[in-house]
Structures are given as C-alpha cells and as structure tokens.
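Everything below concerns the one structure shown next.
FYI, it's all coordinate maths here, none of it is from the lab. This structure is a prediction, so every number in the text was calculated from the model and none was measured. Heads up, the Cβs are rebuilt from the backbone with ideal geometry, glycines too, and the neighbour counts pull from every protein chain shown.
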Amino acid sequence: MIAGKPPPPCRHIRLGSVGSTNDEARRLVSDGTAADLLVISAETQTAGRGRRGRHWESPAGNLHASILIRLDRPLAEAAQIGFAAALAVAEGLEDLVTAAEFRCKWPNDVLCNGKKVAGMLLEAAGDGWLVLGLGVDVERAPPPGQSLYAAVALAEVGWTGGVPEVLTAICRRFVPWLEVWRQSGFAPIRHEWIKRARGVGAQVVVRLEAETLAGVFAGLDEEGALLLDQGEAGRRRILAGDVFFPGA
C-alpha cells in the first residue's frame, strides 16, 4: 500500500475549502513563500477551473491539488511539463488500479478505460515559477452532459482507498519525470508519452476556437504540438484544441 503522503523532496500543504489550489499556489509565489515541488491540496474548490477557463467540478472525495515548479528554462518550454505530468498521473493511477487501462489524451488529460479520469492545468506564476494543477475523479465523476467528455471515477474501477494515496502515487511518479525533463529535455518524455497516448495513428476530430478539423493523429512534434494528417490538405500543426475520437 502506498502511504498517503507525498514523498521527498515534495512538501505538502493540505487545506479545507479554497477557491482554487492554483490560486493558492500563485499567492505563495507573490508573498515569497513558494518552494520547488511544494504541493497544495484542498478538500474542495469553489472556483476550480480547467483549460480555456472551463469550470472544474471539485467535490469532496476527489483530488484537487497544485504543484509549484521552479523553472530553469524559458517559459515557452514549460508546456512540456504537462506531458511529464500526464505520464506521472497515468503511471501513478496504474500503480493503484492495475486492472484498468490508463492512457494519455492530448494535450493534458488522462483516460481510464477510455473515459476521462484526470485533467491538468498549467499556469505561469510570477518570474520563474509554474503551477501544475491536478484534478482526479477519485470518488465521483461528472454525470453525463455536465462534462465535455465521458468521465469515470477511480471508485468505479475498483479503487477503495482515499485521496491522499492517489496524490502520493502521482507525486512518486512525477518527481522522476520532472528530473528527466530538467536533465534531458522533452525528447524522452515525448517518446514515452506517444507510447501511452490514445489515438496515435487513428482518425480524430480536433475542435479549435474557430474551426473543426478531422484527420489522422500522426504524433507530437519536438515541442508537443499535435500533428494532424489531413490527406491532400497536408499536415497541420496544432498548439491548442479539444480532441475527440469518432465512434468512442
């Protein structure tokens, strides 16, 4: 059994109800008390958010956490940490629920048996700091119609433990992946992410702000952009969008 405490060098602050753990992390940066790999978790969030400003349901019993990361590279490369985090979440959850299949979904979601179980939000926080927000449906998932994707909770696939053990399992996997990124860059993370990704080589639909595209998910480029093969229309490089799998 994995103990319910993030391992060193992580430090952990556990809170009750907050607006957003990302906002709490940013506040620590502002007041000068931030530390690398400081983890802030909360029982509930009243203003949790996901990508593109979407509301993130944050009931008690699910994981709501943020990790402060000190950047020693340009902010433009920071999005690569999201892929390292996705690997860590998928591997950590697989450590806990070995009977389920966990895959990464571009750009920053994790799927359990084809349904969304976790999401991430990366935000800059002052000079040289990044906040990695993590949300995992542990006890309950949003009901159909309240989420952009079909969702599932770990409790539905056999997990009977608590939120602290889930956070610990993720941190145990994230610390080494972050060190890989710091020492060796994005290439090894990109390689492993592609191996665990959902939909590589298959038809996908990508919704952008102003258009919807269809094609074959050809992989990631060296910066983490999605490569979409559109046949005669050529290959499109996509930096932000929502990916869907036809027939899923």
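Can you compute 3J(HN,Hα) from phi for each residue in region 63-74, using the Karplus curve 6.51 cos²θ - 1.76 cosθ + 1.60 with θ = phi - 60°, rounded to whole Hz and x for Gly and Pro?
Taking θ as phi minus 60°, the curve returns 8, 10, 8, 9, 10, 7, 10, 7, 8, 10, 10, x Hz for region 63-74.
Please find the FRET efficiency linking Ala202 to Glu179, where r is the Cβ-Cβ separation and R0 is fixed at 30 Å, and quote it to the nearest 0.05.
Details: r = 32 Å, r/R0 = 1.07.
Calculated transfer efficiency: 0.40.
Under 5 Å between amide H atoms, partner at least 5 residues away or on a different chain: which partners does Ile13 have, H built in plane at 1.01 Å?
Hits under the 5 Å cutoff: Val39, Ile40, Ser41.
³J(HN,Hα) across region 148-158 via Karplus (A = 6.51, B = -1.76, C = 1.60, θ = phi - 60°), whole Hz, x for Gly/Pro?
So the J values, rounded to whole Hz, are 5, 10, 4, 10, 8, 9, 4, 4, 7, 10, x.
In nanometres, what is the gap between the two model label sites at Glu77 and Lys195, each 7 Å from Cα along Cα-to-Cβ?
In this crude label model, Glu77 to Lys195 measures out at 2.3 nm.
So how do 199-209, 230-240 stack up, highest first, on mean other-Cβ count within 10 Å? Present the calculation step by step, with values, prior to reporting the outcome.
Working: 199-209: 15.0, 230-240: 11.7.
By packing density, highest mean first, the sequence is 199-209, 230-240.
Take the alpha-carbon centre of region 80-107, take the same for region 214-248, and report the distance between them in whole Å.
Using only Cα atoms, the two centres lie 21 Å from each other.
Convert each backbone phi in region 191-200 into a coupling constant with the Karplus relation 6.51 cos²θ - 1.76 cosθ + 1.60 (shift: θ = phi - 60°), then list the ³J(HN,Hα) values in order as whole Hz, x for Gly and Pro.
Along region 191-200, the couplings run 4, 6, 5, 4, 5, 9, 6, 8, x, 5 Hz.
Where nothing but the Cβ of Lys and Arg (+1) and of Asp and Glu (-1) is charged, how large is the charge dipole of region 110-200 around its Cα centre, in debye to the nearest 20?
Here the size comes out at about 380 debye.
Might you report the magnitude of the Cβ-based charge dipole of the chain about its Cα centre, with Lys and Arg at +1 and Asp and Glu at -1, to the nearest 20 debye?
Numbers: 27 positive and 29 negative charges, 18 e Å.
For this selection, approximately 80 debye.
Rounded to the nearest 0.05, what FRET efficiency do Ser17 and Arg236 give with R0 = 35 Å and r taken as the Cβ-Cβ distance? Could you check? All intermediate terms of the calculation are to be shown ahead of the outcome.
Working: r = 42 Å, r/R0 = 1.21.
E between Ser17 and Arg236, to the nearest 0.05, is 0.25.
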